[in-house]
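Some notes on the structure that comes next.
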Amino acid sequence: MNHRLDGADAPYWQGLETGRLQLPRCASCRRWLWPAGHRCSTCGSIGMVWEERPLRATVYSWTRTWHRFALTEALDLPYVSIVAEIEDCGIRLMGRMDDASPDDPAIGEAVVGRIDRTRVGDDAIPTIIWSRAA
Amino acid sequence: MTHPLYGTTAVAGVGLRQFKRGASPLPERSLLVEAILDACLEAGLNPAEVDGFVSYGDDKNEPVRLMGDLGTRRLAWSASVFGGGGGGIAGAFGLAASAIISGQAKAVIVFRALAEGASGRMSAAVMAHHLNDHLLAAGLVSPAQMCAIRAQRLFKHYGVPQSIVEDLVRASYHHARNNPDAVGFGQDFDIAALRTSRWIAEPFRLFDCSRENDGAGALLLVSAEHAQDLAKPPVYLLGCAQGTEAGWGDLLENDADDLYATGGFRPVARDLYRQTGLSPADIDCVQLYENFDAQGVMSLIDHGFCTYENAAEVIRFDNLIAQGGKLPVNTAGGNLAQGFIHGIGLPIEAVRQLRGESANPVSGVRTCLLAGGPGAPTVSSAIFANKVL
Ligand SMILES: [Zn+2]
């Protein structure tokens, strides 16, 4: 997992490792920034602060994968991937959805997340797995 | 004032070699050499005089390695457009023209070569350019899935009827049917084959996706004056724009909300029309890069041919075919049905169409838009014409 500590998003991965969703915002103007970077594109300040967000989101978009693509060998087909818009900050994160229900996800639908892992080769990448909010 | 790119350079020759994926009889670099020799032969230009080369999409054939086979005397200029997908294809012509106009090179080959044995699967190579742990964790590992997730928003949020992609696919196969060089040559395409083909990533089924081929394509660009002296009628570059603007890019799906279900062409199309003084009404035919059919629809919308609201009125089979359509698209069959060598067949068809050599000639054609790979973080488009308007 060391390579995940090399980028500007290292605190995101460290957060998931400890069971928390941490996202960056500009230390100066407080704008949420994603992908994580070095400088705020709005106010030009350098410096991010990382804040914990609850694992609550809405479905922004989704796809259900049926084809066995390389690097997905650990996932049962079909599986649903979603782009989740995190509550109150507007950042969109890619994750997977528990697909217990045969219904298609709906854009705008509320979901709650838990943190699991996705096995890719020898690696196990921390992953947010989303479920329909009760 | 006329833009410096407007009509100052021209394509003087094209060459295309295409085979089934994994079935090339020649090594990748030899295919490329053959395509370049064909382009020079058409133009009547000694290949040793080619002094510039440009490609896109992470092509692995560094031009210096072609010098022996081509007998190159002086390699004066070589470049590549950044980006792993087909977004840079039209931008390569703008780069080539810049080199010619600024006197850095006289005869520039725009090329793309791809053989599975040498470069592996193109879709895998494109994705390797972009892959990161955010994507891997979500199981999103292919261009098909990344484009599918955008297409869902086009259909389900904006309400563009999904059936219109069928018209784009049908028009592509209709054109391929007449084109002896197309994978779909002579074949009747039954739309039921699309509707019942296996799911890849919803909303895409197999036939929503472009086919990969082994092959190589090359186009020779020279100054407009030089082109007058060569064998083929010049096909002029009228303009070219590339890139993106704030709100779109390599953003882990955080593109601006109003841009998310686009191909990323809005700033490129705006600049291209401004640069040339042309508008969508001036475009007689379109060679449209469709990695996936829904992205082709987005690209047509981005370029101003229709909107989310009236897409179904414009993207109709009858309107998209060369035989009487107002917006003929992919007149050789396109990436879907002609074949897919990372899109290089599209500018070649633009040139053939404008010379009157297309298998599906558009009556009275003067201009042709080349739209590069939609959905890429940076994209590009160009306009070609058989007369400087
Ligand atoms: Zn700021």
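The values are calculated or read from the model by the stated rules, or taken from the named source; none is laboratory data. Predicted model only: the values in this text are computed from it and were never measured. Quick reminder, even Gly has a Cβ in these numbers, built from the backbone with ideal geometry, and neighbours come from all protein chains shown. Side chains are part of the model used for accessible areas, which takes the heavy atoms of the whole protein and leaves out ligands, DNA and RNA. Shrake-Rupley method; radii C 1.70, N 1.55, O 1.52, S 1.80 Å.
Observations on the structure shown:
- So A:PRO78, is it more than 16 Å from the ligand (Cβ to nearest atom) and not charged (D, E, K, R): yes
- When residues of the range B:191-203 are limited to those that are within 14 Å of chain A (Cβ to nearest Cβ), touching a strand residue (DSSP E or B) at 6+ places or on another chain (Cβ under 7 Å) and not charged (D, E, K, R), the one surrounded by the most Cβ atoms within 10 Å (Cβ to Cβ): B:ALA201
- Entry remark, the range A:105-134: residues being within 13 Å of chain B (Cβ to nearest Cβ), farther than 17 Å from B:ARG153 by Cα and among the hydrophobic types (A, V, I, L, M, F, W, C) number 7 in total.
- Residue list for the range A:18-37, filter: open to solvent by 40 Å² or more (accessible area, probe 1.4 Å), under 14 Å from the mean Cα position of the chain (by Cα) and within 11 Å of the ligand (Cβ to nearest atom): none
Matching residues to (1) assigned to a loop (DSSP other than H, G, I, E, B); (2) under 21 Å from B:SER210 (Cβ atoms):
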| site | (1), (2) |
| --- | --- |
| B:ALA281 | no, no |
| B:ALA294 | no, yes |
| B:LEU327 | yes, yes |
| B:LEU346 | no, yes |
| B:GLY375 | yes, yes |
| B:SER381 | no, yes |
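- Among the candidates B:ASP258, B:ASP229, B:ASP188, the residue that is surrounded by fewer than 24 Cβ atoms within 10 Å (Cβ to Cβ) and within 14 Å of another protein chain (Cβ to nearest Cβ) is uniquely B:ASP258.
- Members of the range B:67-91 found to be more than 18 Å from B:MET127 (Cα to Cα) and assigned to a loop (DSSP other than H, G, I, E, B), listed by number: B:GLY71, B:THR72, B:ARG73, B:ARG74, B:LEU75, B:ALA76
- Here A:ILE46 qualifies as β-branched (Val, Ile, Thr), within 16 Å of the ligand (Cβ to nearest atom) and open to solvent by 40 Å² or more (accessible area, probe 1.4 Å).
- Residues in the range B:109-125 that are part of a loop (DSSP other than H, G, I, E, B) and open to solvent by less than 10 Å² (accessible area, probe 1.4 Å): 1 in all.
- Listed by position, the strands (runs of 3 or more DSSP E) inside the range A:1-104 whose residues that are more than 14 Å from every other protein chain (Cβ to nearest Cβ), within 30 Å of B:VAL126 (Cα to Cα) and among the acidic types (Asp, Glu) number at least 2 form an empty set.
- Among the candidates B:ALA128, B:ALA144, B:ALA99, B:ALA148, the residue that is aliphatic (A, V, I, L, M), more than 14 Å from chain A (Cβ to nearest Cβ) and not in a loop (DSSP other than H, G, I, E, B) is uniquely B:ALA99.
- Matching residues, the range B:300-317, being free of Cβ contacts under 8 Å to residues at least 24 places away in the same chain and either out of contact with any helix residue (DSSP H, G or I) (no Cβ under 7 Å at 6 or more places or on another chain) or not β-branched (Val, Ile, Thr) (or both): B:CYS306, B:GLU309, B:ASN310, B:GLU313, B:VAL314
- Considering only residues in the range A:105-121 that are in a strand (DSSP E or B) and of a type outside the set (A, V, I, L, M, F, W, C), the one that is most open to solvent (accessible area, probe 1.4 Å) turns out to be A:ARG119.
- A:SER81 of a type in the set (S, T, N, Q) and modelled with pLDDT under 95: no
- Once the range A:56-70 is narrowed to residues that are crowded, with 20+ Cβ neighbours inside 10 Å and of a type in the set (A, V, I, L, M), the residue that is farthest from the chain's Cα centre (by Cα) is A:VAL59.
- Residues of the range B:130-143 include at least one that is open to solvent by 20 Å² or more (accessible area, probe 1.4 Å) and among the polar types (S, T, N, Q).
- Matching residues, the range B:354-378, being open to solvent by 10 Å² or more (accessible area, probe 1.4 Å) and more than 12 Å from B:GLN287 (Cβ to Cβ): B:ARG355, B:GLY356, B:GLU357, B:ALA359, B:PRO361, B:SER363, B:GLY364, B:ARG366, B:GLY375, B:ALA376, B:PRO377, B:THR378
- When A:ARG132 is tested against (1) at pLDDT 95 or above; (2) more than 15 Å from the ligand (Cβ to nearest atom), exactly one condition is not met: (1).
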